[in-house]
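**Q** This is the structure, below, for whatever I ask next.
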Amino acid sequence: MSQPVKLMGMVDPHVHLRDMEWAHKATFASETAAALAGGYWAVFDMPNTPPNTFTRAALDQKLATFQAGAVCDWGVYFGASRQGNWAEYPQVMADTCGLKMYNNPTTGNLFITDPSIREQHYQAWHGVIAVHAEEDVIPTVLELVRKYRRWTHFCHISSAAEMAYLIEAKREGLPISIGVTPHHLYLSQDDLPQLGSRGLMKPELKTPADCRALWQAVSDGWVDVIESDHAPHTLTEKMSDRPPYGVPGLETTLPLMGLALHEGRISLVQVVALLTTGSQRIFKITPPPDTYTLVDFDDSYIIESQNLRTACGWSPFEDWRVYGRVLEVWIRGQKVFDGERVLVSNGFGQRVICG
Ligand code: DOR
Ligand code: ZN
């Protein structure tokens with residue numbers, strides 16, 4: 001019998017849980033249940049689901065909907081708008097985990113191209129800024145980090161070139177962190193013929209050489225967080241003529257890191273940092289007492305869509321053999337997941353206060 005590992009306060013700082021105007025895709029109740037099944041204590045939700053979290057009113061609607069539905073703890077990002085919504089910042093900062101700024105196209109058409117608008121967002125926001133910045137946009141964002149010294153989390157880094165920019169910036173001592181998704185590590189363009197539209201997301205899948213560079217950066221300790229970028233869309237939408245970008249990942253991230261452990265790509269100490277303490281340090285959060293996940297990393301199983309809790313009911317990792325079964329999740333001294341069932345009602349989850 002193998003010994004379960006105790007992970008203290010697993011956080012996914014990058015999810016898109018839908019609900020509200022996109023409740024047909026998924027809800028805070030369904031996806032926070034998926035988060036518990038994936039071992040998580042807390043998830044931080046992105047602002048691009050309609051109504052976009054760009055205004056105090058939209059933020060209030062999201063906070064209330066989360067409070068009513070969530071079974072795990074949660075945080076929400078405010079979104080930097082293209083028109084410039086920095087006048088809102090002083091009134092919203094305390095209720096959020098950070099600002100999200102899109103600098104490349106993605107679901108929702110929210111991206112900002114005007115350098116002066118980007119700069120004004122940087123000037124005005126005093127907490128963590130999470131950025132979607134791909135390839136040659138990265139150096140332009142690094143200029144802003146250099147100038148304003150805001151802690152900047154670079155989301156879903158997906159290529160060797162991007163990683164090289166950021167390793168250089170870390171060597172320079174800039175206040176940045178790096179997130180990488182399991183799909184950019186384990187999947188490449190070569191998988192697209194088999195995956196079809198289930199392999200479409202932003203940033204897009206890259207080459208096997210890019211995957212190798214990402215793994216190298218993870219194993220060398222440059223990467224701070226493995227984030228799922230959980231972005232459920234219905235299978236009907238994904239199979240349509242114009243499939244939306246995005247893949248689910250809340251229930252596959254931990255066992256894929258278990259697979260990486262099993263394959264000898266990373267150590268258990270690294271798995272712990274990438275899934276718990278990395279995010280805790282970036283967002284200055286402390287898990288509540290008695291908040292942990294028990295995982296058996298020796299137990300392996302096959303990912304099957306019928307066993308997933310996410311409302312979208314599919315995964316790009318279907319049929320993969322993974323390692324790491326979530327045995328129990330505890331939050332604030334209460335057992336909330338027993339390996340099969342969610343044991344708390346909607347609304348149990350609380351907002352995480354970020355430092
Ligand atoms: O593929 C993606 N889907 N990338 C994003 O950045 C957004 C997400 C979504 O919301 O569907
Ligand atoms: Zn995202």
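The values are calculated or read from the model by the stated rules, or taken from the named source; none is laboratory data. Small disclaimer: the values here were computed from a predicted structure and weren't measured. When we count neighbours, we look across all protein chains shown, and the Cβ atoms used for this are built from the backbone with ideal geometry, even at glycine. Calculation scope for accessible area: heavy atoms of the full protein, side chains included, ligands and nucleic acids excluded. Shrake-Rupley method; radii C 1.70, N 1.55, O 1.52, S 1.80 Å.
**Q** So who's got an amide H within less than 5 Å of the one on GLU328, skipping anything under 5 residues away but keeping other chains? H placed 1.01 Å off N, in plane.
**A** When sequence neighbours closer than 5 places are left aside, the close amide H contacts are LEU294.
**Q** Right, something else. Could you give each residue of the stretch 65-80 its phi-based ³J(HN,Hα) in whole Hz, using Karplus coefficients 6.51, -1.76, 1.60 with θ = phi - 60°, and x for Gly or Pro?
**A** 5, 4, 4, 6, x, 6, 9, 10, 6, 7, x, 10, 8, 8, x, 7
**Q** Counting only protein chains, not ligands or nucleic acids, how are ASP191, ASP12 ordered by accessible area (probe 1.4 Å), most first?
**A** So the residues, ranked largest to smallest area, are ASP191, ASP12.
**Q** Rounded to whole Hz and in sequence order, give me ³J(HN,Hα) for the stretch 42-53 from the Karplus expression 6.51 cos²θ - 1.76 cosθ + 1.60, θ = phi - 60°, writing x for Gly and Pro.
**A** Those phi angles translate into 9, 9, 10, 9, 7, x, 8, 7, x, x, 3, 7 Hz.
**Q** Is the chain best put as rounded, prolate or oblate by its Cα gyration tensor, with a ≥ b ≥ c the root eigenvalues, rounded for a/c under 1.5, and otherwise prolate when a/b is larger than b/c, oblate when not?
**A** rounded
**Q** For the stretch 1-124, just say rounded, prolate or oblate: build the C-alpha gyration tensor, square-root its eigenvalues into a ≥ b ≥ c, call rounded for a/c under 1.5, and beyond that prolate if a/b exceeds b/c, oblate if not.
**A** prolate
**Q** Suppose a student asked you for the relative contact order of the chain, using Cα pairs under 8 Å spaced at least 6 residues apart; what percent would you report?
**A** Reported as a whole number, the value is 23 percent.
**Q** Label ARG56 and GLU135 with points 7 Å out from Cα along Cα→Cβ: what is the distance between them in nm?
**A** 4.1
**Q** Same structure again: Shape of the stretch 84-242 from its Cα gyration tensor (a ≥ b ≥ c, root eigenvalues): rounded if a/c is under 1.5, otherwise prolate when a/b > b/c, or oblate?
**A** It comes out oblate by the Cα gyration axes.
**Q** Could you compute how much accessible surface TRP22 exposes when probed at 1.4 Å, giving the result in Å² to the nearest 10?
**A** Rounded to the nearest 10, that gives 50 Å².
**Q** Net charge around GLY199, counting only other residues with Cβ within less than 13 Å of its Cβ (Lys, Arg = +1; Asp, Glu = -1)?
**A** Overall, the nearby charge balance is 0.
**Q** GLU143: accessible area at probe 1.4 Å, nearest 10 Å²?
**A** Spelled out: GLU143, probe radius 1.4 Å, area about 100 Å².
**Q** In whole Å and largest first, what semi-axes does the C-alpha gyration tensor of the stretch 59-102 yield when each eigenvalue is scaled by 5 and square-rooted?
**A** So the equivalent ellipsoid measures 21, 10, 9 Å along its semi-axes.
**Q** Quick check on packing: order 115-123, 252-260, 62-70, 148-156 by the mean number of other C-beta atoms within 10 Å, highest mean leading.
**A** The packing order, highest mean first, is 252-260, 148-156, 62-70, 115-123.
**Q** So, in nm, how far is label GLU204 from label LYS6 when the simple model puts each one 7 Å beyond its Cα toward the Cβ?
**A** 4.7
**Q** With a 1.4 Å probe and every protein chain left in place, tell me how much accessible area VAL225 has, in Å² to the nearest 10.
**A** 0
**Q** So, one more: Run down the lysines and flag those whose C-alpha is under 30 Å from the C-alpha of LYS335, throwing out any fewer than 8 positions away in its chain.
**A** List returned: LYS6, LYS25, LYS62, LYS284.
**Q** Taking the alpha-carbon distance from LYS206 and a cut-off under 22 Å, which lysines remain once sequence neighbours fewer than 8 residues away in the same chain are dropped?
**A** LYS238
**Q** Sticking with this one: About the Cα centre, and with charges only on the beta carbon of Lys, Arg (+1) and Asp, Glu (-1), how big is the dipole of the stretch 109-242? Nearest 20 debye, please.
**A** The calculated dipole for the stretch 109-242 is roughly 320 debye.
**Q** Let me check something: with ligands and nucleic acids excluded, how do GLU227, GLU172 order by accessible area (1.4 Å probe), largest to smallest?
**A** GLU172, GLU227
**Q** Using the Cα centre of the chain as the reference point, and only Cβ charges (+1 on K/R, -1 on D/E), how large is the resulting charge dipole? Debye, rounded to the nearest 20.
**A** So the magnitude is around 780 debye.
**Q** How long is the gain from SER267 to ASP299 if the chain were fully straight, where each residue apart is worth 0.36 nm and the alpha carbon distance is subtracted?
**A** Stretched out fully, the SER267 to ASP299 stretch lengthens by 9.8 nm.
**Q** Evaluate E = 1/(1 + (r/R0)^6) for ASN109 and GLN350, where r is the Cβ-Cβ distance and R0 equals 30 Å; express this FRET efficiency to the nearest 0.05.
**A** Calculated transfer efficiency: 0.40.
**Q** Could you calculate the contour length gain from MET239 to THR286, that is, 0.36 nm times the residue separation minus the distance between their Cα atoms, to one decimal place in nm?
**A** 12.8 nm
**Q** Compute the distance from the alpha-carbon center of the stretch 48-113 to that of the stretch 240-292, in whole Å.
**A** Here the two parts' Cα centres lie 22 Å apart.
**Q** May I pose another question? Rounded to the nearest 20 debye, what is the charge dipole size of the stretch 1-136 about its Cα centre when +1 sits on each Lys and Arg Cβ and -1 on each Asp and Glu Cβ?
**A** 220
**Q** Could you rank LYS206, LYS238 by how accessible they are, 1.4 Å probe, largest area first?
**A** Ranking LYS206, LYS238 by accessible area, largest first, yields LYS206, LYS238.
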